[in-house]
Amino acid sequence: MTETQLSEQLGLTKAAVGYHLHLLMDAGLINIDKVEAEEHGILQKFYTPIASLLIIDPVHIPEAAQRYFIRTQIEHLMGMFSVFQLYHHVSEVSSRTLEKLAIAMLEQLKIVGQKHMKDMTRGDAESLRVKIYAEALANLTKQKEWRSLFQE
């Protein structure tokens, strides 16, 4: 996607998107896939991620971004709960417990992701994502702290 396409999709200014694209480039997380000239001679750069799958280490999440990652992880967990028909258990759980569960899930994703690091270079990224999430969730269900939440 181009800087313009990203800014429109994210609802951010081009300047904000450009700033973050430069940070991502400097960190080696994205690259420029192609460059095309528009009719007025302006060059449009198309950015793509380096990795097909990115797992965030919860220990290294900047404080300003922690709420976003925890909220996103809670949304993923809620989706998994509804798939496994565990949603009625979640309604009885406090928001603080859900936050702790989200952090525990991020930690499991890191562990399982490291285990499958060699698999990340081949195959379908979506299949790998499902495999890693399923294994991380299975690990959580075995932990004493979370076992009761996953039992019927």
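The values are calculated or read from the model by the stated rules, or taken from the named source; none is laboratory data. Everything numeric in this text was worked out from a predicted model, so none of it was measured. Please note: Cβ atoms are built from the backbone with ideal geometry, for glycine as well, and neighbour counts cover all protein chains shown.
Looking across the range 11-46 at every residue that is of a type in the set (D, E, K, R) and either in the same structural domain as A65 (by TED's automatic domain parsing) or in a helix (DSSP H, G or I) (or both), the one that is farthest from M1 (Cα to Cα) is identified as D26.
For T48, indicate whether it is farther than 28 Å from D124 by Cβ and of a type in the set (V, I, T). Working first, answer last.
Details: farther than 28 Å from D124 by Cβ: no; of a type in the set (V, I, T): yes.
Here the answer is no, as T48 does not meet what is asked.
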